[in-house]
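The block underneath contains the structure these notes are about, expressed in structure tokens.
The values are calculated or read from the model by the stated rules, or taken from the named source; none is laboratory data. Everything numeric in this text was worked out from a predicted model, so none of it was measured. Please note: Cβ atoms are built from the backbone with ideal geometry, for glycine as well, and neighbour counts cover all protein chains shown. Side chains included, ligands, DNA and RNA excluded: accessible areas come from the protein's heavy atoms. Shrake-Rupley method; radii C 1.70, N 1.55, O 1.52, S 1.80 Å.
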Amino acid sequence: VLESITWLPLVLYLLRRGIRPEPNGLPVERSPVPALLAAGAFLGISALAGHPQTFMHIAYLSAAYFFFLTWQARWRWPWIVGLGLMTGAVALGIAAAAFIPALRFVPLTVREGVSYEFVSKGFPLLDTVQVLLPGYHTLWLPLYSGLVTVALACVAWFGRRHWPQKGPRLETIFWLLIIGLAAWLALGDKGVLYELAYHVAPGLALFRQQERWLGLAALGMALLAAQGFVLWMGSRPEQRRRWLRRSWALLAVLLLVVGLVEFMSRSAVGQNDWFLIWLRQWLILGLVIVLLWPFGAGEKPRRDQWRSAALLLLLGLDLFFPVRRAMDLAPESPSAFWPEPDWLDQLRGPELARIDGQNLFPANLGELHGLEDVKGISPLKPQLTADLEQLPRPLRWQLLNVQYVLADRQLEE
């Protein structure tokens, strides 16, 4: 997932480089073709990382951004269609190195036909409070970008009308829509939007775990925060005060609502410290407002630089402490997570033996120890193997030439 989506900012940057607003609707200042060819090339490279679902997310966002930029630049439809098809053709041509083998392999697996129930699972609705209150319901925090980021995104929204150009104002609205749509789709069947997109948008019926849409929401939040920071750096003290008052009021109301929801739900598993986390978030919000607040009539540029450095440090701490609970920093041998029992040496004999690992290991034994295991953790299980699992164990082991079986109990026939 990460190796695929890491190419997305570069693709969006190249789209921006290639598409410039022109008064007559034509890209005449300089040719957009080189930048768009490069955007298509890197979009195709993102597919080679091997996660088609993330590539689909990247492709949808890139296409939306392409049409947004060309509409903003007032390109004519022949340019939009022609250059769009060119960019897409380059991306698909490079991605074919991954997709052609995949199209031949997937029909041989259990993923050839999956139901709506299988693919519609998504992010828990109650976990959306992680936008402001991290680390209470779960160790994993895909929605938490830090209160510094959220506050700057609010500044971008409240100050959007003060951009000297129309483009950044429209960018703010665009990325806010992307955040909303991605977060909504990430809910899966718990939101009406995914059920509609499932029947309309190509590709959505192929992949499970819809919470991965949150990668686009995280990028959108980061870009909105960047816009807010640029606005803050270039604004007058009275403008800063006005935007910060509105941002503080909005975030204070949302924190109060989140606190009320947590108090009434009492649904966290193994966590009783939500109130301390909630108070910590109030403290961070106060520090953000203090760092951004103009205390003098004229702010010196050097003072803004120190504030920026302090804001960056606060953001780092804000992001570190919530995820610290999920990190095991104790010095241990790798065997603490990847155990190597003595009997493994018996299976690594001169002749490679096929085994049935019963999924007792936390990973694929074939990858970890070079053993031929008929089990595995891949979701793309061959359909033939799945069919053989319906047979009685002795017959299945005979057909698969299994010589050793791992088990933590006596197996019944």
Seminar exercise, completed: Once phi for every residue in region 318-329 is put through the Karplus expression 6.51 cos²θ - 1.76 cosθ + 1.60 (θ = phi - 60°), the whole-Hz ³J(HN,Hα) values, with Gly and Pro written as x, are 4, 7, 6, 5, x, 7, 4, 5, 8, 9, 9, 9
Seminar exercise, completed: Calc'd 3J(HN,Hα), region 216-233, phi into Karplus 6.51 cos²θ - 1.76 cosθ + 1.60 (θ = phi - 60°), Hz, glycine/Pro = x, comes to 5, 5, 5, 5, x, 5, 5, 5, 5, 5, 4, 4, x, 5, 4, 4, 4, 5
Exercise. Of the listed peptides 275-288, 1-14, what is their order by residue-averaged count of other C-beta atoms within 10 Å, with the highest listed first?
Worked result: 1-14, 275-288
Seminar exercise, completed: With bins of 5 Å, the percent of all Cα-Cα pairs of region 27-84 per bin from 0 is 4, 17, 25, 25, 15, 9, 5, 1
Exercise. Taking amide H positions as placed 1.01 Å from N in the peptide plane, with prolines and chain starts having none, which residues 5 or more places from Val405, or on another chain, fall under 5 Å of its amide H?
Worked result: Asp356
Exercise. Tally Lys and Arg at +1 and Asp and Glu at -1 over the other residues with C-beta under 14 Å from the C-beta of Pro168: what net charge comes out?
Worked result: +4
Seminar exercise, completed: Which of (i) 243; (ii) 192; (iii) 204 is the computed volume of the Cα convex hull per residue in Å³? It is (iii)
Exercise. With all protein chains present, how much of the accessible area of the chain (probe radius 1.4 Å) comes from carbon and sulfur, to the nearest whole percent?
Worked result: 65
Exercise. Which value, in Å², gives the accessible area per residue of the chain when a 1.4 Å probe is used on the protein heavy atoms?
Worked result: 56
